[in-house]
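Novice: This structure is in structure tokens; I'll ask about it shortly.
The values are calculated or read from the model by the stated rules, or taken from the named source; none is laboratory data. Keep in mind it's a predicted model, so treat the numbers as computed, not measured. With ideal geometry, Cβ positions are generated from the backbone for all residues, glycine too; neighbour counts draw on all protein chains shown. Ligands, DNA and RNA are excluded from the accessible area calculation, which covers all protein heavy atoms including side chains. Shrake-Rupley method; radii C 1.70, N 1.55, O 1.52, S 1.80 Å.
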Amino acid sequence: MVDISVKNLTKFFVIGENLLEDLTFEIQEGERVAILGRNGCGKTTLFNILTRQMDYDSGEVYVNPDKRLGLISQIPRFPEGYTVEDVLRSAYEELTNIKKKMELLEQQMATLVSDELLHQYDTLGNRFQSGGGYDMDVEVDKICNGLAITADQRQQNFGSLSGGEKTRVNLARLLLEKTDILLLDEPTNHLDLNSVEWLEKYLETFKGTVLAISHDRYFIDQVAQRVIEITEGHAEFYSGNYSFYMDEKQARFDLQMKQYQVEQAKLKQLGFTLERMKGWGINNRTLYRRAMSIQHRMERIEKTKKPKKEHTMKASFGQRDFSGDVVFKMKNVSKSFGERTLFSDVNLNVEGGERIALLGDNGTGKSTFIKCLLGDEDCQGKIQFGPTVKVGYLPQIIHFDHPERSLYDTMLYEKNCTPQVARDRLGAFMFQGEDVFKTVGNLSGGEQSRLRLCMLMDEKINLLILDEPTNHLDIASREWVEAAIEEFEGVLLFVSHDRYFIEKFAERIWLLEDGAIRDFPCGYEKYRSILDHEAAAKPVLAAAPKPKKEKPKGGTKDVDKLVRRLEREIEKQEQLIEAYAPQIEAAAADYQELSRLLEEKEKAEQTLMDLMEQWEAAQE
């Protein structure tokens, strides 16, 4: 069954310049498809058209009307004063209404019981149970735990959250709604590694259809079954994940280039013969007719379009020679805000040439750690740099002192260079033509990062510190940055949630967790293997054995005994489940402990359901 169909879709914002042109594709039920393309190629516009937020100029767009569609980038408006918990619970609006009706009937039946009321209550109860009403709390806790939405945050006003936090809460709400078709527009941008991995596992078991715009190459590899790339308004199709897409795209380029070169050689040879025949045929009609025949033959040859190679940035970091062994030392370094300790007693040595990734969940203090290292934040302990160390820093949030200036003027004033040098440097970073006269304040996040890198690469540095360097960059821009970093021979320290980037560069990993930094002298793959091994080595609570359904041997006494015993066990099991509530609330900020408690609670609830079934059978 087709869930989404797009035929000959055309959309333009400037007459004569089509953003999408005759775009055609189909998405089958249950498919997981990645939409790729450069920033500005029309990916988000396509999603806005699919959700009917935006009209289009021509073509046909079909979305299965029997399916519920949800868009992650779209943050809906909620009533003033709605908490995060209220937003999450809005996913169960229908079930909440049923529950209210059941409570109203319970009040009526407290004074008067009738067959009609019992029938209504029974019908509502069946709808509530079949819709998952009794599992609401468990589902909300599970999704919030996976996306690192803490118990404290659930009590906050939704309107007070940052854009990234709102995106996470909205993602949780859509997952709780059991959406049939998920449109994900950069879903991993505001998630830490644990949350991204949790989302990947969730999507693996998700029964619906997924259409994802993402520049996270690792995420696409894990999630996508096929890729649609939007190039010059048209769709190119690849029947595999990101790794397959990269290999197939290169193979298609090589084949097209080979066909183009063969055709050009043939045309060149025929052209040479044609010119000679024309010259000889001035006084010879036979030779002239042959010349015309060759010309017609050349016109009939199907011309292969010359494939375009992606433009690349021709830039590298200016480097300063480093003398000595130690780049910097940290001794007993600690940082607290009031009673909250971000990290304490950090002792680390960094030597020349190292490449270090600083990892940790959102909110653990990674950016603060970087600011302490740079001297932008006060901290306890001692940080000592080598005498010849010069630092280059790319922050997570880019700020320009004069956002009203153009890119060209920014380079002239801040780098104190000549007009030609400014043009050359900007051109190396793909700012060409009229682009250099854009106002800095109007640039996208990715363009601002690119401009800051352009300015940074001019400086002679030997310690490069990057805080989320690939955020807001499309895949091509990420590859440009990676190419420049590969040439850098100094020390690299970076914070990133981009696993593709981490895997490529990290040779040493610092994990900021529980107020301490663990030092792993290895790359990302081995680091993950160590963590997986540690998790497997932890004592796992054995699953509670499923109680056997007992049948009375005979007689009313045996039945009565079994009913009373089951009632006692049910009561104990209910008390056991209730005891989990304060433990779960207390462990809200501890990802692993909360997962363990929720898993135990689920098993206990299943045991209770089995006991209830036995009790009902005994009653009958």
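Novice: I'd like to verify a number: residues in the stretch 392-410 that are aliphatic (A, V, I, L, M), surrounded by 12 or more Cβ atoms within 10 Å (Cβ to Cβ) and at pLDDT below 90, how many?
Specialist: 2
Novice: If you don't mind, another one. In the stretch 209-223, is there at least one residue being among the polar types (S, T, N, Q), over 18 Å from Arg38 (Cβ atoms) and surrounded by 15 or more Cβ atoms within 10 Å (Cβ to Cβ)? Talk me through it step by step, then tell me what you get.
Specialist: Step one: filter the stretch 209-223 for residues among the polar types (S, T, N, Q), giving 209, 214, 222.
Right, trim to over 18 Å from Arg38 (Cβ atoms) and you get 209, 222.
After this cut, where a residue has to be surrounded by 15 or more Cβ atoms within 10 Å (Cβ to Cβ) as well, the list is 209, 222.
Yes; the residues of the stretch 209-223 include at least one that is among the polar types (S, T, N, Q), over 18 Å from Arg38 (Cβ atoms) and surrounded by 15 or more Cβ atoms within 10 Å (Cβ to Cβ).
Novice: Would you confirm whether any residue within the stretch 121-144 is outside any helix (DSSP H, G or I) and either out of contact with any Lys or Arg (no Cβ under 7 Å at 6 or more places or on another chain) or within 22 Å of Tyr580 (Cα to Cα) (or both)?
Specialist: Yes: one or more hits.
Novice: Hey, can you tell me all the residues within the stretch 230-249 that are part of a helix (DSSP H, G or I) and either open to solvent by 80 Å² or more (accessible area, probe 1.4 Å) or among the aromatic types (Phe, Trp, Tyr) (or both)?
Specialist: Listed by number, the residues that qualify are Tyr242, Phe244, Tyr245, Asp247.
Novice: Which of (1) in a helix (DSSP H, G or I); (2) modelled with pLDDT under 75 is the odd one out, the single condition Tyr527 does not satisfy?
Specialist: (2)
Novice: Within the stretch 337-375, take every residue that is in a strand (DSSP E or B) and among the aromatic types (Phe, Trp, Tyr) and give me the one that is modelled with the highest pLDDT. Lay out the reasoning, then the answer.
Specialist: Restricting attention to the stretch 337-375, the residues satisfying the condition of being in a strand (DSSP E or B) are 337, 340-351, 355-359.
Of the ones still in play, those that are also among the aromatic types (Phe, Trp, Tyr) are 337, 343.
Working: Phe337: 87, Phe343: 93.
The extreme case among them is Phe343.
Novice: Now for a different question. Report the residue count in the stretch 571-610 for those that are aromatic (Phe, Trp, Tyr) and modelled with pLDDT under 70.
Specialist: We begin by selecting, within the stretch 571-610, every residue aromatic (Phe, Trp, Tyr); these are 580, 591.
Cutting the leftovers down to modelled with pLDDT under 70 gives us 591.
Adding up the residues that qualify gives 1.
Novice: Can you tell me which residue within the stretch 252-295, out of those that are open to solvent by less than 100 Å² (accessible area, probe 1.4 Å), assigned to a helix (DSSP H, G or I) and of a type in the set (S, T, N, Q), is farthest from Lys306 (Cα to Cα)?
Specialist: Per the stated criteria, the residue is Thr286.
Novice: Among the residues of the stretch 382-421, which ones are of a type in the set (Asp, Glu) and in a loop (DSSP other than H, G, I, E, B)?
Specialist: Quick first cut of the stretch 382-421, residues of a type in the set (Asp, Glu) only: 401, 404, 409, 414.
Within the stretch 382-421, Asp401, Glu404 meet the criteria.
Novice: Might you check whether a residue that is within 24 Å of the chain's Cα centre (by Cα), over 20 Å from Glu229 (Cβ atoms) and either in contact (Cβ under 8 Å) with a residue 24 or more places away in the chain or open to solvent by less than 20 Å² (accessible area, probe 1.4 Å) (or both) occurs anywhere in the stretch 15-32? Spell out how you get there, then give the answer.
Specialist: So in the stretch 15-32, the residues within 24 Å of the chain's Cα centre (by Cα) come out as 25-32.
Subsequent filtering for residues that are over 20 Å from Glu229 (Cβ atoms) retains 29-30.
Next, only the ones that are either in contact (Cβ under 8 Å) with a residue 24 or more places away in the chain or open to solvent by less than 20 Å² (accessible area, probe 1.4 Å) (or both) stay: 29-30.
Checked against the condition, which is being within 24 Å of the chain's Cα centre (by Cα), over 20 Å from Glu229 (Cβ atoms) and either in contact (Cβ under 8 Å) with a residue 24 or more places away in the chain or open to solvent by less than 20 Å² (accessible area, probe 1.4 Å) (or both), the stretch 15-32 yields at least one hit.
Novice: Sticking with this structure for a sec: I'm checking my understanding of the structure. Among residues of the stretch 167-194 that are of a type in the set (Asp, Glu) and within 17 Å of the chain's Cα centre (by Cα), which one is least open to solvent (accessible area, probe 1.4 Å)?
Specialist: Looking at residues that are of a type in the set (Asp, Glu) and within 17 Å of the chain's Cα centre (by Cα), I get Asp192.
Novice: Being in contact (Cβ under 8 Å) with a residue 12 or more places away in the chain and open to solvent by 30 Å² or more (accessible area, probe 1.4 Å) is the filter here; which residues of the stretch 155-166 pass it?
Specialist: Correct list: Gln155, Gln156, Asn157, Gly159, Gly163, Glu165, Lys166.
Novice: Scan (1) open to solvent by less than 90 Å² (accessible area, probe 1.4 Å); (2) at pLDDT 85 or above; (3) closer than 27 Å to Thr83 by Cβ for the single condition Thr123 breaks and write down its number.
Specialist: Failed condition: (3).
Novice: Okay, moving on. Any chance the stretch 457-471 includes a residue that's crowded, with 18+ Cβ neighbours inside 10 Å, free of Cβ contacts under 8 Å to residues at least 40 places away in the same chain and outside any loop (DSSP other than H, G, I, E, B)?
Specialist: No, the stretch 457-471 has no match at all.
Novice: Does Lys142 count as at pLDDT 85 or above, open to solvent by 30 Å² or more (accessible area, probe 1.4 Å) and either touching a strand residue (DSSP E or B) at 6+ places or on another chain (Cβ under 6 Å) or over 30 Å from Glu80 (Cα atoms) (or both)?
Specialist: No.
Novice: Also: All but one of (1) in contact with a strand residue (DSSP E or B) (Cβ under 9 Å, 6 or more places away or on another chain); (2) open to solvent by less than 20 Å² (accessible area, probe 1.4 Å) hold for Ser367; state the number of the condition that does not hold.
Specialist: Evaluating Ser367 over (1) in contact with a strand residue (DSSP E or B) (Cβ under 9 Å, 6 or more places away or on another chain); (2) open to solvent by less than 20 Å² (accessible area, probe 1.4 Å) leaves (2) as the failure.
Novice: Restricting the first residue to the stretch 503-514 and requiring it to be free of Cβ contacts under 8 Å to residues at least 40 places away in the same chain, which pairs with a second residue that is open to solvent by 80 Å² or more (accessible area, probe 1.4 Å) meet a Cβ separation below 9 Å and a spacing of at least six or different chains?
Specialist: Here the result reads Lys504/Glu486, each pair linking the stretch 503-514 to a residue that is open to solvent by 80 Å² or more (accessible area, probe 1.4 Å).
Residue-wise test of (1) in contact (Cβ under 8 Å) with a residue 24 or more places away in the chain; (2) open to solvent by less than 50 Å² (accessible area, probe 1.4 Å).
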{"position": "Asp55", "(1), (2)": "no, no"}
{"position": "Gly59", "(1), (2)": "yes, yes"}
{"position": "Pro65", "(1), (2)": "no, no"}
{"position": "Gly70", "(1), (2)": "yes, yes"}
{"position": "Arg77", "(1), (2)": "no, no"}
{"position": "Glu80", "(1), (2)": "yes, no"}
{"position": "Glu94", "(1), (2)": "yes, no"}
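Novice: Still on this structure, please answer the following. If we scan the stretch 55-69, do we find a residue that is under 21 Å from the mean Cα position of the chain (by Cα), modelled with pLDDT under 90, within 30 Å of Phe158 (Cβ to Cβ) and assigned to a loop (DSSP other than H, G, I, E, B)?
Specialist: There is no residue in the stretch 55-69 that is under 21 Å from the mean Cα position of the chain (by Cα), modelled with pLDDT under 90, within 30 Å of Phe158 (Cβ to Cβ) and assigned to a loop (DSSP other than H, G, I, E, B).
Novice: While we're looking at this one, here's another question. Which ones in the stretch 412-446 are closer than 21 Å to His472 by Cβ, open to solvent by less than 70 Å² (accessible area, probe 1.4 Å) and free of Cβ contacts under 8 Å to residues at least 40 places away in the same chain?
Specialist: Leu426, Phe431, Asp435, Val436, Thr439, Leu443
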